[in-house]
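Asks: Please see the structure below; I have some questions.
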Amino acid sequence: MSYTIEGQTGPWELVIGLEVHAQVTSQAKLFSGAATAFGAAPNSQVSFVDAGFPGMLPVINRECVAQAVRTGLGLNAQVNPWSRFDRKNYFYADLPQGYQISQFAHPIVGTGVVTVELSDGSVKEIGITRLHLEQDAGKSIHDQHPTKSYIDLNRSGVALMEIVSEPDMRSPEEAGAYLTKLRQILRYLGTCDGNMEEGSLRADVNVSVRKSGEAFRTRCEVKNVNSIRFVMQAVEAEARRQIEVWESGGTVEQETRLFDTVRGETRSMRSKEDAHDYRYFPDPDLPPLVIDPAWIEELRAGLPELPDARRARYVNEFGLSAYDASVLVAEKETAAFYEEVAAGRDPKVAANWVMGDFFAMLNRLGKGIEDSPVSARHLGALLDLIADRTLSGKMAKEVLEAMGETGKPPGTIVEERGLRQVTDTGAIEAAVDAILAANPDKVAQYREKPTLFGWFVGQVMKAMKGQGNPALVNEVLKAKLDA
Amino acid sequence: MHPTDFTIRGALEALGEGIVTSEALTAAHLEAIEALNPRLNAFVTVTAERAMEAARASDRRRANGVARPLDGVPLAIKDLFCTEGTRTTAASRILGDFVPPYESTVTANLLRDGAVFLGKANLDEFAMGSSNATSAFGEVENPWKRGNDDGTRLVPGGSSGGSAAAVAARLAMGATATDTGGSIRQPAAFCGIAGMKPTYGRCSRWGVVAFASSLDTPGPVARTVEDCAILLGSMAGHDPRDATSADRPVPDFAAACARGVRGLRIGVPREYRLEGMPDEIEALWQQGLAWLRAEGAEIVDISLPHTKYALPTYYIVAPAEASSNLARYDGVRFGRRVEGGDLKDLYERTRAAGFGAEVKRRIMIGTYVLSAGYYDAYYVRAQRVRALIKRDFDEAFRSVDAIVTPATPSAAFAAGEKQDDPVAMYLNDVFTVTANLAGIPGLAVPAGFDRQGLPLGLQVLGRDFDEETVFAVGTAIEHAAKLTAVPQVRAFA
């Protein structure tokens, strides 16, 4: 059953499309050589081009174009060998040239598709309408002075990719899943860091509602939503607002709205009547962007493995469950960590350890995989100690905990704590013999009550300070008791 | 011979032979400026001290045997080129006392080759105008007078009116200029000097205050065709900072001047024969063609059928680009600011006070033609016509090597004469705008005088990046014309 919101007049369907602004990962801005680092001192990363000085001209940054092409390829989209930059004209204090250079009529990337998995296990394809390159504006800061605004032009001219989806999503979950997947692809490609808190990834959410079977009704655009959770909340809040408008006999007006994250509601920013006439026209400073098909193929050949392909490989080659594979590929860093642990080892065992005790340890320590005190190499070494029976599974958990606290490799911890598992059958036999000799009554009872076997195991392990190889202890004990 | 009478070629030879020094040449020009600029108003800024320093440095280089191609030649720089450390105004109030922290590529190239900058030449505000009357720094007077000298002040043409007047009156040996619709060629013709608009992309636009980016073309004005060729050789060259700059080698333009025209096919476009055009313009045109024929060129009638749409096309494309290019003059980061109650008020007051009437007119036209609902009817259609005009030339240049036309529909007119009628003023560009729309090179060369003794020029158009043939044809006209008259207003008679 598809997602609907129940109104007074019955169920309403949602129609959602996203325009995502993704900051291109690059050393320099789209049309100037200025740097792009986040958090630099205000106005410290501004060239005369970015500040719109007289006679300054834009020159396209080839790396930003390559990043857009890579992204297009990653979205299974058509890369247009001919595209063009247009000027979007409007006045604002943080827009130094008085226009934004964007691609209006002829974007660099055309239609594509993103596949998302939903919580019920179903899979849905979301269409990509286009991707185009454009420059970011600067930042106006209004709260630092009672009567003045400050302008920071560090962002001015930074390359953005605007990725526009088809209105293919039908629920908050789908919108969230799409944005999650898009972010994942961008991060795998290395074309955007996906950092929504720093504003590297922002979404404009287009929402409309309709009765089943109807054509699209008027949509509203909720601007600049900066987390996946807020996108889902904004979709629902805006849909509920529109349903209320329709059901109270009103008409939804096309407008731009903002999402108030505190109150969980959207509010009007500007109506269609206030919309700018941007007077788009081709930027005469920039020749059309012509991309050599051979270069596109070169970039395609250099693409990293993307999440869908990687997940399929985990399932098909490693024998992981679809769920486990999804969890491991969700973040590029996790997948890379997992693959390093799994290299040359049992991939299922590696998956269990990464997703089980290792994730639990990170949670406990409140750390992410990037700043994990246990490296993939050390976790792999720990698995090797289990495989060669130096450590039992139980001992290994203890060692992993110590690794998390100290950052030391497992071998060092085993040495320091004398945690070496005993696999010498002679030593095990001696320990077993001692326990049996000390407990003749229990041995007698065992004949009647075989469940006492566990008690004997516990006694032997205790005597061996937990270092007896559990399998061997079992084997020896069984042989002696049943003799 | 007075030092200000040297051509650039002559000065370079004299400097090379040790007959003059750059210090002497520069001092003589500064003296001429001091004497005449109060009247002509050709310079808005004179950088005398820097010029003398540069001249002495040039003389030292020459003494050390490391002279550069233009070493010691005193030039005027149109005040649309940003010059590091020297105020750059675009002849507009809105730039205030803007001092660029950078040097335009073209002027940097000239400095690299040893040129000495005398100062910044007056122009129409933001290069918008055909008479230098729209300058915030006042009109420029054409140094030529009508034969009866009734005292009428004549315009030098525009927008490079200060550059052309300065060179004609011997205040500079040559000058940089820019041509968006005829702003090099029309003032050159009005002032009896040569002016070259090279192919679009030949000279970098980096650091040149933008008027209409797809049309703006830096180029030289000088008293001879060869001097223009020498200057262009230094100004031109690929610039990675201008995406529209052409990545091709710079040929030896000066050498091309002496090629002659034997065997060249010269096209004469019938559409340039305007109704009501003065007889003397027609006569001059025929005379020019006769000279070329005598030198061995073949004269061929051609057709450029879309010529009549060029002017309206130009007056859509250029204002459209200008309306966007001039948006950056908002009082926020540099130049003049008039404070206001809020941001919008600041914009409105700043731009109302900072821009002159002609600039405002073009911003409004440009904003209009780009507006929703009008864009297709005006801008898109103009771009289509522009492509047809370019195609006309492509077709023509399959059968001819160069095209010769009048440079302007009349000689210099009196100050104030066409001020109240913008359309009459825009008609000055009728022969020149086509080259800008097509991007091809165009040269104005002095070829004769009208009945009142005022200079008239012919225009030579050539193929994309074939300035060499244009220079050769221009030189042939110049040599055949053997003009010796000089403007009446000079510092040293």
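Bear in mind that the values in this text are calculations on the coordinates, not laboratory data. Only a predicted model underlies this, so the values are computations on that prediction, with no experimental measurement involved. As a convention, Cβ positions derive from the backbone with ideal geometry for all residues, glycine included, and neighbour counts pool all protein chains shown.
Asks: Dividing the alpha-carbon radius of gyration of segment B:52-129 by 2.2 N^0.38 Å (N being the number of residues), what value is obtained? Write down the numbers at each step before the final one.
Replies: Working: Rg = 14.0 Å, N = 78, 2.2 N^0.38 = 11.5 Å.
Taking the Cα Rg and dividing by 2.2 N^0.38 Å, one obtains 1.21.
Asks: Let me check against my output: what whole-number percent is the relative contact order of chain B, with C-alpha pairs under 8 Å and at least 6 apart? Walk me through the numbers on the way to the answer.
Replies: Values: 1239 pairs, mean separation 89.9, N = 493.
In percent, rounded to a whole number, it is 18.
Asks: Just to be sure I understand: of the beta bridges DSSP finds with both ends in the protein assembly as shown, what percent are antiparallel, rounded to 5? Let's see the in-between values first.
Replies: Values: 85 of 103 bridges.
Of all bridge pairs located within the protein assembly as shown, approximately 85 percent are antiparallel.
Asks: Per residue, what volume in Å³ does the Cα convex hull of segment B:325-484 take up? It would help to have the intermediate numbers written out before the result.
Replies: Details: hull volume 28.6 nm³, N = 160.
Dividing the Cα hull volume of segment B:325-484 by its residue count gives 179 Å³.
Asks: Still on this structure: Can you work out D for segment A:305-417 in µm² s⁻¹ from Stokes-Einstein, where Rh is the Kirkwood radius over C-alpha pairs, the temperature is 37 °C and the viscosity is 0.692 mPa s? Please report the intermediate quantities before stating the final value.
Replies: On the way: Rh = 14.2 Å.
After rounding, the answer is 231 µm²/s.
Asks: Over the protein assembly as shown, one equal point on each Cα, no solvent: what is log10 I(q)/I(0) by the Debye formula at q = 0.10, 0.11 Å⁻¹?
Replies: -1.12, -1.25
Asks: Counting only C-alpha contacts under 8 Å and six or more residues apart, can you give the relative contact order of segment A:5-296 as a whole percent?
Replies: Working: 666 pairs, mean separation 71.3, N = 292.
Across segment A:5-296, relative contact order equals 24 percent.
Asks: Taking the Cα centroid of segment B:365-403 and of segment B:168-209, what is the distance between the two, rounded to the nearest whole Å?
Replies: First find each Cα centre; the distance between them is then 23 Å.
Asks: Keeping to pairs on different chains or 8 or more places apart, tell me how many lysine pairs in chain B have Cα atoms under 25 Å apart.
Replies: Lysine pairs, 8 or more places apart or on different chains, close enough: 18.
Asks: Roughly how big is segment A:5-296's charge dipole about its Cα centre, with Cβ charges of +1 (Lys, Arg) and -1 (Asp, Glu), in debye to the nearest 20?
Replies: That gives segment A:5-296 a dipole magnitude of about 340 debye.
Asks: Once both axes come from the Cα atoms, what is the angle between helix A:393-406 and the longest principal axis of chain A, in degrees from 0 to 90, rounded to 10?
Replies: It works out to around 50 degrees.
Asks: Further question: Taking the mean number of other Cβ atoms within 10 Å as a proxy for protection, how do you rank B:222-233, A:326-337 from highest to lowest?
Replies: Details: B:222-233: 27.1, A:326-337: 18.9.
Per-residue mean Cβ counts within 10 Å order the peptides as B:222-233, A:326-337.
Asks: A follow-up question, please. Compute the projected area of the convex hull of the Cα atoms of chain B, averaged over all viewing directions, and report it in nm² to one decimal place.
Replies: Mean shadow area of the hull around the Cα atoms is 21.9 nm².
Asks: From the helices alone, meaning DSSP H stretches of at least four residues, give me the mean residue ellipticity at 222 nm for chain A, per-run term -39500 (n - 2.57), in deg cm²/dmol to the nearest 500. Don't jump to the answer; show the numbers that get you there.
Replies: Values: 16 runs with 183 residues, N = 483.
The helix-only estimate for chain A comes to -11500 deg cm²/dmol at 222 nm.
Asks: Cα centroids of segment B:295-314 and segment B:444-493: how far apart, whole angstrom?
Replies: 20
Asks: Mind checking which lysines have their Cα closer than 18 Å to the Cα of A:LYS408? Skip sequence neighbours fewer than 8 apart in that chain.
Replies: Result set, ordered by chain and number: A:LYS367, A:LYS397.
Asks: Additional query: Please give the direction-averaged projected area of the C-alpha convex hull for chain A, in square nanometres with one decimal.
Replies: Over all viewing directions, chain A projects a mean Cα-hull area of 33.0 nm².
Asks: May I pose another question? When Lys and Arg each count +1 and Asp and Glu each count -1, what net charge do the other residues less than 12 Å away from B:LEU370, Cβ to Cβ, add up to? Mind showing how you got there, number by number?
Replies: Working: positive: A:ARG87, A:LYS88, A:ARG279; negative: A:ASP86, A:ASP277, B:GLU321, B:ASP376.
It works out to a net charge of -1.
Asks: What average number of partner chain Cβ atoms lie no more than 10 Å from the Cβ of the residues making up B:203-216?
Replies: Working: counts 0, 1, 3, 5, 6, 3, 4, 6, 0, 1, 5, 4, 1, 1.
Across the residues of B:203-216, the mean count of other-chain Cβ atoms within 10 Å is 3.
Asks: Give me the net charge for the shell around A:MET232: Cβ to Cβ below 12 angstrom, other residues only, Lys and Arg +1, Asp and Glu -1. Each step should come with its number before you reach the end.
Replies: Working: positive: A:ARG229; negative: A:GLU173, A:GLU174, A:GLU236, A:GLU238.
Around A:MET232, the surrounding residues sum to -3.
Asks: Cα centroid distance between segment A:8-82 and segment B:31-48, in Å?
Replies: 49
Asks: Hey, got a sec? Which trypsin sites (Lys or Arg not before Pro) in segment B:402-493 land in a DSSP loop and have at most 10 other Cβ atoms within 10 Å?
Replies: On the way: sites: B:LYS418, B:ARG451, B:ARG463, B:LYS482, B:ARG490; in loops: B:LYS418, B:ARG451, B:ARG463, B:LYS482, B:ARG490.
Hits after loop and neighbour filter: B:LYS482.
Asks: In which sequence would A:PHE216, B:PHE449, A:PHE259 go, from the one with the fewest C-beta neighbours within 10 Å to the one with the most? Before the final figure, lay out the partial values.
Replies: Working: A:PHE216 11, B:PHE449 19, A:PHE259 22.
The most exposed by this proxy come first: A:PHE216, B:PHE449, A:PHE259.
Asks: Please average, across the residues of B:316-327, the number of beta carbons from any other chain that are within 10 Å of each residue's own beta carbon, and give a whole number.
Replies: Working: counts 0, 2, 0, 0, 3, 6, 0, 4, 10, 7, 2, 11.
Mean partner-chain Cβ count within 10 Å for B:316-327: 4.
Asks: Still on this structure, please answer the following. Which percent, nearest 5, of DSSP beta bridges in chain B are antiparallel?
Replies: Details: 29 of 43 bridges.
Roughly 65 percent of the beta bridges in chain B run antiparallel, per DSSP.
Asks: Follow-up. List the lysines whose alpha-carbon lies under 24 Å from that of A:LYS29, not counting same-chain residues fewer than 8 positions away?
Replies: Those lysines meeting the cut-off are A:LYS88, A:LYS139, A:LYS223.
Asks: Additional query: Ranking request for peptides A:292-304, B:28-40: highest mean number of other beta-carbon atoms within 10 Å first, then the rest in descending order.
Replies: Values: A:292-304: 12.3, B:28-40: 19.7.
The most tightly packed comes first, giving B:28-40, A:292-304.
Asks: Here is a further query. Can you pull the Rg over Rh of segment A:369-472, Cα-only, Kirkwood?
Replies: Details: Rg = 17.0 Å, Rh = 15.2 Å.
Expressed as Rg/Rh, it is 1.12.
Asks: Specify which residue in the list B:THR313, B:GLY462, B:GLY416 is farthest towards the positive end of the charge dipole of the protein assembly as shown, using unit charges on the beta carbon of Lys, Arg (+1) and Asp, Glu (-1), about the Cα centre.
Replies: B:GLY416
Asks: Now a separate question. Taking the Cα centre as origin and putting +1 on Lys and Arg beta-carbons and -1 on Asp and Glu beta-carbons, what dipole magnitude results for the protein assembly as shown, to the nearest 20 debye?
Replies: On the way: 105 positive and 126 negative charges, 62 e Å.
The dipole magnitude comes to about 300 debye.
Asks: Would you mind calculating the relative contact order of segment A:305-417 from Cα pairs under 8 angstrom and at least 6 residues apart, reporting the percent as a whole number?
Replies: 20
Asks: Dividing the alpha-carbon radius of gyration of segment B:103-156 by 2.2 N^0.38 Å (N being the number of residues), what value is obtained? Spell out each step's value before the answer.
Replies: Numbers: Rg = 15.3 Å, N = 54, 2.2 N^0.38 = 10.0 Å.
The reported ratio for this selection is 1.53.
Asks: Now for a different question. Points 7 angstrom from Cα along the Cβ direction at A:LYS462 and A:GLN78: gap in nanometres?
Replies: 7.6
Asks: Using +1 at the C-beta of Lys and Arg and -1 at the C-beta of Asp and Glu, which of A:LEU362, B:TYR426, B:TYR368 has the Cα lying farthest in the positive direction of the dipole of the protein assembly as shown?
Replies: A:LEU362
Asks: Counting other beta carbons within 10 Å of each residue's own, what order do A:VAL116, A:VAL252 fall into, fewest first? Before the final figure, lay out each step's value.
Replies: Working: A:VAL116 22, A:VAL252 19.
Neighbour counts put them in this order, fewest first: A:VAL252, A:VAL116.
Asks: On to the next question. What size of dipole, in debye to the nearest 20, comes out for chain B about its Cα centre when the only charges are +1 on Lys and Arg C-beta atoms and -1 on Asp and Glu C-beta atoms?
Replies: Numbers: 52 positive and 59 negative charges, 98 e Å.
With Lys and Arg at +1 and Asp and Glu at -1, about 480 debye.
Asks: Could you please rank A:THR218, B:THR475, B:THR4, placing first whichever residue has the fewest other Cβ atoms within 10 Å of its Cβ? It would help to have the intermediate numbers written out before the result.
Replies: Details: A:THR218 16, B:THR475 26, B:THR4 21.
Ranking A:THR218, B:THR475, B:THR4 by Cβ neighbours within 10 Å, fewest first, gives A:THR218, B:THR4, B:THR475.
Asks: Next question, about the same structure. Where Lys and Arg each count +1 and Asp and Glu each count -1, what net charge lies around B:ARG349 among other residues with Cβ under 9 Å from its Cβ? Mind dumping the intermediate values first?
Replies: Working: positive: B:ARG337, B:ARG351; negative: B:GLU339, B:ASP345, B:GLU348.
Computed value for this residue: -1.
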